[in-house]
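Participant: So that we are looking at the same thing, I have put the structure below in C-alpha coordinates.
The values are calculated or read from the model by the stated rules, or taken from the named source; none is laboratory data. The structure presented is a predicted model; accordingly, all values stated were derived computationally and were not measured. Neighbour counts run over all protein chains shown; Cβ positions are idealised from the backbone, glycine included. When the accessible area is computed, the model is the full protein with side chains, heavy atoms only, and any ligands, DNA or RNA have been set aside. Shrake-Rupley method; radii C 1.70, N 1.55, O 1.52, S 1.80 Å.
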Amino acid sequence: MPRLFTALEIPSDIAETLSMLRGGLPGARWISPEFYHVTLRFIGDVDHAVARDAAAALDEIDRFGFDLTLAGVDQFGNHKPHSIFAGVKANDALNDLQAEHERAMKRIGLPPEGRNFKPHVTLARLRDVSPRQVAEYLALRGYFRSPTFEVGRFVLYSSRDSVGGGPYRLEAAYPLM
(Lines give C-alpha, C1' and ligand atoms only; values in the text may rest on other atoms or scores of the structure.)
Protein backbone atom coordinates (compact mmCIF):
# COMPACT_ATOMS: atom_id res chain seq x y z
CA MET A 1 0.00 0.00 0.00
CA PRO A 2 1.46 3.34 -0.94
CA ARG A 3 1.67 6.22 1.54
CA LEU A 4 0.71 9.32 -0.44
CA PHE A 5 0.65 13.07 -0.02
CA THR A 6 0.38 16.11 -2.26
CA ALA A 7 2.92 18.89 -2.09
CA LEU A 8 4.64 21.85 -3.65
CA GLU A 9 8.24 21.34 -4.61
CA ILE A 10 10.92 23.74 -3.43
CA PRO A 11 13.16 24.99 -6.26
CA SER A 12 16.79 23.93 -5.94
CA ASP A 13 18.09 27.48 -5.42
CA ILE A 14 15.62 28.03 -2.57
CA ALA A 15 16.47 24.60 -1.12
CA GLU A 16 20.14 25.55 -1.18
CA THR A 17 19.34 28.74 0.74
CA LEU A 18 17.29 26.73 3.26
CA SER A 19 20.13 24.25 3.68
CA MET A 20 22.27 27.07 5.07
CA LEU A 21 20.04 26.92 8.17
CA ARG A 22 21.28 23.40 8.97
CA GLY A 23 23.50 22.84 11.97
CA GLY A 24 23.98 24.40 15.36
CA LEU A 25 21.33 22.32 17.11
CA PRO A 26 22.49 19.10 18.81
CA GLY A 27 19.91 16.34 18.53
CA ALA A 28 18.46 17.61 15.26
CA ARG A 29 18.05 15.19 12.36
CA TRP A 30 18.28 17.50 9.34
CA ILE A 31 16.12 16.81 6.32
CA SER A 32 18.01 16.45 3.06
CA PRO A 33 17.42 19.51 0.82
CA GLU A 34 16.19 17.37 -2.08
CA PHE A 35 13.24 16.34 0.12
CA TYR A 36 12.12 19.89 1.07
CA HIS A 37 8.48 20.50 0.17
CA VAL A 38 5.27 22.16 1.36
CA THR A 39 2.69 19.47 2.10
CA LEU A 40 -0.77 20.30 0.78
CA ARG A 41 -2.70 17.16 1.77
CA PHE A 42 -1.57 14.00 3.53
CA ILE A 43 -3.53 11.16 1.95
CA GLY A 44 -2.03 8.32 3.97
CA ASP A 45 -1.58 4.60 3.45
CA VAL A 46 -4.10 3.63 0.79
CA ASP A 47 -4.66 0.68 -1.50
CA HIS A 48 -3.89 0.95 -5.21
CA ALA A 49 -7.53 1.58 -6.17
CA VAL A 50 -7.77 4.59 -3.85
CA ALA A 51 -4.37 5.77 -5.08
CA ARG A 52 -5.69 5.73 -8.68
CA ASP A 53 -8.85 7.58 -7.59
CA ALA A 54 -6.76 10.20 -5.78
CA ALA A 55 -4.52 10.72 -8.81
CA ALA A 56 -7.57 11.09 -11.06
CA ALA A 57 -9.25 13.55 -8.68
CA LEU A 58 -6.09 15.66 -8.54
CA ASP A 59 -5.97 15.71 -12.32
CA GLU A 60 -9.32 17.55 -12.28
CA ILE A 61 -7.94 20.51 -10.29
CA ASP A 62 -7.62 23.65 -12.41
CA ARG A 63 -5.87 26.50 -10.63
CA PHE A 64 -3.55 29.27 -11.69
CA GLY A 65 0.10 29.29 -10.71
CA PHE A 66 1.20 31.77 -8.07
CA ASP A 67 4.20 33.19 -6.28
CA LEU A 68 5.36 31.94 -2.89
CA THR A 69 7.79 33.24 -0.29
CA LEU A 70 9.18 31.39 2.70
CA ALA A 71 9.35 33.57 5.80
CA GLY A 72 10.55 32.83 9.31
CA VAL A 73 11.89 29.76 11.06
CA ASP A 74 10.00 28.27 13.98
CA GLN A 75 9.33 25.02 15.80
CA PHE A 76 6.45 22.65 16.39
CA GLY A 77 5.97 21.15 19.82
CA ASN A 78 5.96 24.16 22.16
CA HIS A 79 7.48 22.96 25.45
CA LYS A 80 8.60 19.65 23.89
CA PRO A 81 9.93 20.71 20.48
CA HIS A 82 9.82 17.98 17.83
CA SER A 83 10.62 19.79 14.58
CA ILE A 84 12.09 22.94 13.06
CA PHE A 85 10.45 24.46 9.99
CA ALA A 86 10.54 27.40 7.62
CA GLY A 87 7.19 29.14 7.45
CA VAL A 88 5.33 30.23 4.35
CA LYS A 89 4.21 33.84 3.94
CA ALA A 90 0.40 34.11 3.96
CA ASN A 91 -0.94 33.38 0.50
CA ASP A 92 -4.60 33.15 -0.57
CA ALA A 93 -3.80 31.19 -3.75
CA LEU A 94 -1.95 28.56 -1.70
CA ASN A 95 -4.84 28.29 0.77
CA ASP A 96 -7.32 27.92 -2.10
CA LEU A 97 -5.21 25.19 -3.72
CA GLN A 98 -4.95 23.30 -0.44
CA ALA A 99 -8.71 23.59 0.12
CA GLU A 100 -9.29 22.19 -3.38
CA HIS A 101 -7.08 19.20 -2.52
CA GLU A 102 -9.09 18.64 0.65
CA ARG A 103 -12.38 18.73 -1.29
CA ALA A 104 -11.02 16.36 -3.95
CA MET A 105 -9.96 13.80 -1.35
CA LYS A 106 -13.33 14.02 0.42
CA ARG A 107 -15.08 13.39 -2.93
CA ILE A 108 -13.29 10.05 -3.28
CA GLY A 109 -14.33 9.07 0.23
CA LEU A 110 -11.28 9.91 2.34
CA PRO A 111 -11.89 11.40 5.79
CA PRO A 112 -11.05 15.07 6.39
CA GLU A 113 -7.41 15.86 7.13
CA GLY A 114 -8.13 16.64 10.79
CA ARG A 115 -5.33 19.18 11.26
CA ASN A 116 -5.45 22.85 10.39
CA PHE A 117 -3.35 23.74 7.36
CA LYS A 118 -0.13 25.46 8.42
CA PRO A 119 2.06 25.64 5.33
CA HIS A 120 5.73 25.04 6.09
CA VAL A 121 8.91 23.31 5.00
CA THR A 122 10.23 20.88 7.62
CA LEU A 123 13.96 21.40 8.08
CA ALA A 124 14.73 19.04 10.97
CA ARG A 125 13.16 16.49 13.30
CA LEU A 126 14.18 16.89 16.93
CA ARG A 127 14.91 14.33 19.57
CA ASP A 128 15.93 15.11 23.13
CA VAL A 129 16.44 18.79 22.36
CA SER A 130 15.64 21.25 25.13
CA PRO A 131 13.34 24.20 24.54
CA ARG A 132 16.26 26.45 25.50
CA GLN A 133 18.48 25.00 22.74
CA VAL A 134 15.67 25.49 20.23
CA ALA A 135 15.10 29.07 21.42
CA GLU A 136 18.80 29.84 20.99
CA TYR A 137 18.78 28.34 17.49
CA LEU A 138 15.66 30.32 16.52
CA ALA A 139 17.08 33.55 17.93
CA LEU A 140 19.87 33.32 15.37
CA ARG A 141 17.86 32.06 12.38
CA GLY A 142 14.22 32.96 12.98
CA TYR A 143 14.20 35.95 10.64
CA PHE A 144 14.88 33.92 7.50
CA ARG A 145 13.17 35.04 4.30
CA SER A 146 13.57 33.42 0.89
CA PRO A 147 13.38 35.08 -2.48
CA THR A 148 9.89 34.81 -3.96
CA PHE A 149 9.52 31.91 -6.38
CA GLU A 150 6.89 30.81 -8.87
CA VAL A 151 4.74 27.76 -8.20
CA GLY A 152 3.89 26.21 -11.55
CA ARG A 153 2.72 22.77 -10.45
CA PHE A 154 1.85 20.54 -7.52
CA VAL A 155 2.91 16.93 -7.14
CA LEU A 156 1.79 13.62 -5.73
CA TYR A 157 4.52 11.93 -3.69
CA SER A 158 4.75 8.48 -2.21
CA SER A 159 6.93 7.61 0.73
CA ARG A 160 7.85 4.53 2.62
CA ASP A 161 6.96 4.20 6.27
CA SER A 162 9.93 5.76 8.04
CA VAL A 163 10.86 8.20 10.75
CA GLY A 164 10.26 11.10 8.37
CA GLY A 165 12.22 13.18 5.94
CA GLY A 166 12.17 10.95 2.89
CA PRO A 167 12.91 9.33 0.65
CA TYR A 168 9.99 10.48 -1.44
CA ARG A 169 9.10 9.30 -4.91
CA LEU A 170 7.38 11.55 -7.42
CA GLU A 171 4.27 9.70 -8.59
CA ALA A 172 2.64 12.44 -10.67
CA ALA A 173 2.96 16.16 -11.43
CA TYR A 174 0.00 18.43 -12.10
CA PRO A 175 0.69 21.71 -13.90
CA LEU A 176 -1.08 24.85 -12.78
CA MET A 177 -2.49 27.21 -15.41
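Participant: Choose one of Met105, Ala86, Val134: the residue whose Cα lies farthest towards the positive end of the charge dipole of segment 49-137 (beta-carbon charges +1 Lys, Arg; -1 Asp, Glu; about the Cα centre).
Facilitator: So the residue furthest toward the plus end is Val134.
Participant: Could you pull out every residue, at least 5 positions away or on a different chain, whose amide H is within less than 5 Å of the one on Ala172? Hs are placed 1.01 Å off N in the peptide plane, and Pro or chain starts have none.
Facilitator: Long-range HN contacts for Ala172: Leu156.
Participant: Follow-up. How would segment 66-130 be classified by its alpha-carbon gyration tensor: rounded, prolate or oblate, with rounded meaning a/c under 1.5 and the a/b versus b/c comparison settling the rest?
Facilitator: Details: a/c = 3.37, a/b = 1.50, b/c = 2.24.
Oblate, since a/c reaches 1.5 and b/c is not below a/b.
Participant: What does the charge dipole of segment 69-177 about its Cα centre add up to, to the nearest 20 debye, if the Cβ of each Lys and Arg holds +1 and the Cβ of each Asp and Glu holds -1?
Facilitator: Here segment 69-177 has a charge dipole of around 220 debye.
Participant: Protein chains only, probe 1.4 Å: how do Phe5, Phe117, Phe64, Phe42 rank by accessible area, largest first? Working shown, then result.
Facilitator: Working: Phe5 10, Phe117 60, Phe64 145, Phe42 80 Å².
Descending accessible area places them as Phe64, Phe42, Phe117, Phe5.
Participant: Using all Cα-Cα distances in segment 1-82, what percent lands in each 5 angstrom bin from 0 up to the longest?
Facilitator: Here the calculated profile for segment 1-82 is 3, 10, 16, 19, 17, 15, 12, 6, 2.
Participant: Right, here's the next one. Suppose the chain between Phe76 and Arg29 were pulled fully straight at 0.36 nm per residue; how much longer would it get relative to their current alpha carbon spacing?
Facilitator: Net length gain for the segment: 15.5 nm.
Participant: Quickly estimate the mean residue ellipticity at 222 nm for the chain, helices only: each DSSP H run with n ≥ 4 gives -39500 (n - 2.57), and the total goes over all residues, rounded to 500.
Facilitator: Numbers: 4 runs with 47 residues, N = 177.
The per-residue figure over the chain is -8000 deg cm²/dmol.
Participant: What accessible surface, in Å², does a 1.4 Å probe find on Lys106, ignoring ligands, DNA and RNA and rounding to the nearest 10?
Facilitator: Approximately 100 Å² of Lys106 is accessible to the 1.4 Å probe.
Participant: Express in nm, to one decimal, how much length is gained between Arg103 and Tyr174 on full extension, taking 0.36 nm for each residue of separation and deducting their alpha carbon distance.
Facilitator: Between Arg103 and Tyr174, full extension yields an extra 23.9 nm.
Participant: Another one. Quick query: amide H of Val151 versus all other amide H atoms, modeled in the peptide plane; which residues come in under 5 Å with a sequence gap of 5 or more or a different chain?
Facilitator: Amide H neighbours of Val151, under 5 Å, 5+ apart: Phe66, Asp67, Leu68.
Participant: Which value, in Å² rounded to 10, gives the accessible area of Arg145 with a 1.4 Å probe and all protein chains present?
Facilitator: Here the accessible area works out near 140 Å².
Participant: Mind checking the angle between helix 92-107 and the chain's longest principal axis? C-alpha axes, 0 to 90 degrees, to the nearest 10.
Facilitator: Once rounded, one gets 50 degrees.
Participant: Putting +1 on Lys and Arg Cβ atoms and -1 on Asp and Glu Cβ atoms, find which of Ala28, Val151, Val50 reaches farthest to the positive end of the dipole of the chain.
Facilitator: Ala28
Participant: Measure nothing but the geometry: give the 0 to 90° angle between the long axis through the Cα atoms of 48-59 and the longest principal axis through the Cα atoms of the chain, rounded to 10°.
Facilitator: Once rounded, one gets 90 degrees.
Participant: Take every Cα pair under 8 Å in the chain that's 6+ residues apart, average their separations, divide by the length, and report that relative contact order as a whole percent.
Facilitator: Result for the chain is 34 percent.
Participant: Hey, another quick one. Rounding to the nearest 20 debye, state how big the charge dipole of segment 1-57 is about its Cα centre with +1 on each Lys and Arg Cβ and -1 on each Asp and Glu Cβ.
Facilitator: 180
Participant: Could you compute how much accessible surface Met105 exposes when probed at 1.4 Å, giving the result in Å² to the nearest 10?
Facilitator: Only protein atoms counted, so the area is about 0 Å².
Participant: Note the direction-averaged projected area, equal to a quarter of the hull surface, for the Cα convex hull of segment 58-177, in nm².
Facilitator: Working: hull surface 34.6 nm².
Taking the Cα atoms of segment 58-177, their convex hull projects to 8.7 nm² on average.
Participant: On to the next question. Multiplying the sequence separation of Ser19 and Lys89 by 0.36 nm and subtracting their Cα-Cα distance, what value in nm do you get?
Facilitator: Net length gain for the segment: 23.3 nm.
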